[in-house]
Amino acid sequence: MRSRWLHTGVALALFNLLTFQPFNLHAAPPNRVAGSGMGGNSPYATDAYPGFDGLDDLPKPEKKERSWIWFLRAKYDTPAEQMAYAQQMEAEGSLRAARRGYDSLVREWPASPEAPKAQLALAMLLAKKCMDYDDAFEALEYMLDFYPRECDYLELVNYEYQLVNLMIKEKKTFLGMSFTSTRVCRQHYESIVRRAPGASYVPETMLKIADLREQEDQYEEAVQVYATLASKFPSTPEARAATYLEARARMWLCRRLSYNRPRCKDTLNYLDMAMKRVPDLDQIDELKTWRSELAQHLSEDAYAQAKFYDTKQRTRHAALTAWERFLKDYPDSPHAEEARARIEALKIK
């Protein structure tokens, strides 16, 4: 009897757990991530871009909360009145007051019809009147993340692209030092590409991203971006340019890393592929020169290996194998005759 009551109790407990939801027992909504568009269902969002920073490394717009500082709060009791106040301040040229007015509206009434309008007005104010392109970009990122259905999504992404171009063109400097971060500009471009991967300006943007990687001496990542560009947009002028620029970045890495043998072989294969794929490349002679440089290095490295194995400390079989491998791989080497003679001598022993 007791066992039956026990089973009945367990069954009732399970029933209550499945049918009732005390407090807020709901699945938490997915976190918004900068550069991921309108979320998982976005037709524009993607993060499949080797060479870009990971989404976790990008700055993430935090949802605005009501300020506890009294003079940063809304001055009126309704979003409509607050919107009218902010617009009046902007019209009168009181840009700081207008900026606070728009921002406080979004913070205090985020779900109101006026909130997305205020957020967009804030972004345009920062861009066009304050000339603060970085803050304007962040304001647009907030708009795209939190109010994507209340705006022309792709039009705003296109405007973001123009803002980053202005950030780079009109770098803020003081005593010859730039205050425009190369990393920040690159991450802005990466966010743009992720948000609108099919936009016409994406190939050009990817070239700029790779160039900014090179400016940071991050050539590994630059190579990945060039390769992705050539793969995703093979028929564009930018892909043609990326063919040469990837070769140049690969050569920088080969020289920087003391001609690492596997890397040299990989770069040699890339140069062969690039010259075959784009035989009329403007820099084809430079690619041929680089190929000769790598081939010469690999040949000399293989010769040094063969000499190493042909010592008293090594077996005759090891020396013979090393010389035969060298001659097979580099039959036109200046050391080819020496290799043939040494092979014959080793065979006689």
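Computed quantities for the displayed model
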| item | result |
| --- | --- |
| Residues Arg73 and Arg255, FRET efficiency given R0 of 45 Å [Cβ-Cβ distance, rounded to 0.05] | 0.15 |
| Proximal lysines to Lys328, defined as alpha-carbon separation beneath 23 angstrom and excluding residues fewer than eight positions away on the same chain | Lys265, Lys288, Lys307, Lys347, Lys349 |
| Evaluated over region 206-349, the Cα radius of gyration and Dmax, each in Å | 19.3, 62 |
| Order of Phe308, Phe52, Phe146 - criterion: other Cβ atoms within 10 Å of each residue's Cβ, fewest first | Phe308, Phe146, Phe52 |
| Alpha carbon convex hull of region 63-115, projected area averaged over orientations, nm² | 3.4 |
| Calculated SAXS-style log₁₀ I(q)/I(0) at q = 0.18 Å⁻¹ - region 282-349, Debye, Cα scatterers | -0.65 |
| Extension gain from Ser235 to Glu216, taking 0.36 nm per residue of separation minus the Cα-Cα distance | 4.0 nm |
| Whole-Å distance, taken between Cα centres, linking region 244-282 and region 183-198 | 27 |
| Zero-based 10 Å bins, Cα pair distances in region 86-154, whole percents | 23, 55, 21, 0 |
| Highest-first arrangement of 97-104, 275-282, where packing means the average Cβ count within 10 Å | 97-104, 275-282 |
| For region 282-349: relative contact order, % (alpha-carbon pairs under 8 angstrom, 6 or more apart) | 25 |
| Two-site FRET efficiency, Thr182 against Glu338, from Cβ-Cβ distance with R₀ of 45 Å, rounded to 0.05 | 0.35 |
| Region 211-273: equivalent-ellipsoid semi-axes (sqrt of 5 x gyration tensor eigenvalues, Cα, Å) | 20, 14, 8 |
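Taken together, the values in this text are just the output of simple stated rules run on the coordinates, not laboratory data. Here the structure is a predicted model, which is why all the values come from computation and not from measurement. Here the Cβ is made from the backbone with ideal geometry for all residues, glycine too, and neighbour counts use every protein chain on show.
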